[in-house]
Amino acid sequence: MVMKDEKLESIYQDVLRRNPGEAEFHQAAREVLESVGPVLAKYPEFRERKIIERIIEPERQIIFRVPWQDDKGEVHVNRGFRVQYNSALGPYKGGLRFHPSVYLGIIKFLGFEQIFKNALTGLPIGGGKGGSDFDPKGKSDDEIMRFCQSFMTELWRYIGEHTDVPAGDIGVGGREIGYLYGQFKRLTSRYEAGVLTGKGLDYGGSLVRTEATGYGATFFVEEMLKVRKDSFDGKRCVVSGSGNVAIYTVEKIHQLGGKVVACSDSNGYILDEKGIDLELVKQLKERERRRIKDYVEYRKHARYVDGGNIWEIPCQVAMPSATQNEINGKDAALLVKNGCIAVGEGANMPTTPEGIQVFLQAGIAYGPGKAANAGGVATSALEMQQNASRDSWTFEYTEKRLANIMKNIHQTCFETAEEFGAKGNYVVGANIAGFIKVAKAMVAHGLI
Ligand code: GLU
């Protein structure tokens, strides 16, 4: 489908030509381009200053070799990435993803989305992303440590508390951040806590950072439901994934009175009509690093469906919290048909463009990742604040800050969508609100 605005279509054709084979990046770029047409009419200076053409090109892309040895002494070589996308609002900020599917196109899509997500938080952070095609699955603790040390041995020269502040994403949690931080400290001889976020609580981490993405996504859905004079109370919910985002989404939904009946990993899903036993999921996934299928060993009435599609389970609220493009057009249609009234994206870009169209046309409450999952990075920015002031805040205070930030993001997206003639469309609201903030700063900084 060709875009309505000819100029935007030609920018998109340029994106395709200059970034061949990067399907996920094309998808993320197209979605933003399709939203910002009306902004250019209102702010002609953005067109004159070629803000879109500049925003779509990363400021810097770093690709490096990561050699490491496994426990048997065999040598492996992975590829490392850090894309420093946009620093108009603050130091580059965004996670590191360790997953075999990682290549430049994935890091660019994530980095590009991160610019707008971070802008929406209202906190002073630019956008970036990094990672590696390293597969942490089945690796020993020592192997993970050696990989992280080798990765940081290259990365350290490009990052810093005022330059670029990485954190976790898929495959990178507290353990990995610990090893990365240790190596950074060793290489630089600096105790620069603000260089990474998602740190352990013993050495400069923030309370609520672990919970933040899942809690934040749930707060965002709560806000969308409030607009519709509704709430989580008594709602049947499905949360895909069983990693950090999924776990704390389930936790917050349960606190708010909803019932999560299913979650998953890349092999299959579990269905527990009595409600997911979160302590058990935490034990299996966080402490024992096992697969979700083992859940049914302990909860006999629950069912594991190997290779099953979690979106076939009827639910009122769906929170995709696994990975990109996990809901296609058919899945979306099935969710709507089965009575789904709200979708909140804990993952980045989990819904395909066809799926998004289905949700928007059905008029359900659809919270895109850029807005709904911004709580993670927002709390990273709160961690940076605590590090800068050598302070640490209580759980209650930090959670309150997070809840407020999510409320504000929701309001900004809602009002912006309305202002630009797309009431209730949080995709348009998030893209436009994030874009305007970054664009204004870029105009102020001149042609750089
Ligand atoms: N990886 C997370 C995200 O997608 C968090 C990034 C961060 O905390 O810097 O937003």
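The values are calculated or read from the model by the stated rules, or taken from the named source; none is laboratory data. Remember, predicted model here, so these are calculated numbers, not experimental data. All Cβ positions, even for glycine, are placed from backbone atoms using ideal geometry, and neighbour counts span all protein chains on display. What goes into the accessible areas is simple: the full protein's heavy atoms, side chains included, and nothing from ligands, DNA or RNA. Shrake-Rupley method; radii C 1.70, N 1.55, O 1.52, S 1.80 Å.
So the values come out like this:
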{"item": "Relative contact order (percent, whole number), segment 211-254, Cα cutoff 8 Å, 6+ residue spacing", "result": "62 percent"}
{"item": "N325-R289 pseudo-label distance in nm [points 7 Å out on the Cα-to-Cβ vector]", "result": "2.9 nm"}
{"item": "Whole-number accessible area per residue in Å² for segment 208-316, which is evaluated in the context of all protein chains at 1.4 Å", "result": "41 Å²"}
{"item": "For the chain, built as a Gaussian network whose Cα springs stay under 10 Å, the top-fluctuating residue of K370, K274, K108", "result": "K274"}
{"item": "Antiparallel bridges, percent of DSSP beta bridges restricted to segment 42-198 (to nearest 5)", "result": "70 percent"}
{"item": "Cut-off 11 Å between beta-carbons: net charge of the residues surrounding F81, Lys and Arg +1, Asp and Glu -1", "result": "+3"}
{"item": "Contour minus Cα-Cα distance for E57 and I448 (0.36 nm per residue)", "result": "139.6 nm"}
{"item": "Antiparallel DSSP beta bridges within the chain, percent to nearest 5", "result": "55 percent"}
{"item": "Cα lying deepest toward the dipole's positive end in segment 100-162, options W156, S132, G122, charges on Cβ", "result": "G122"}
{"item": "Among E383, E354, E415: highest mean-square fluctuation, GNM of the chain, C-alpha pairs under 10 Å", "result": "E354"}
{"item": "Difference of contour (0.36 nm per residue) and Cα-Cα distance, L16 to K407", "result": "137.2 nm"}
{"item": "Total charge dipole magnitude, the chain, about the Cα centre, Cβ charges on Lys, Arg, Asp, Glu only, Debye to nearest 20", "result": "380 debye"}
{"item": "Segment D230-E419, extension gain: residue separation times 0.36 nm, minus the distance between their alpha carbons", "result": "65.7 nm"}
{"item": "GNM flexibility winner over the chain from V75, V36, V317 (Cα, springs under 10 Å)", "result": "V75"}
{"item": "Net charge of neighbours whose Cβ lies under 9 Å from the Cβ of S140, counting Lys and Arg as +1 and Asp and Glu as -1", "result": "-4"}
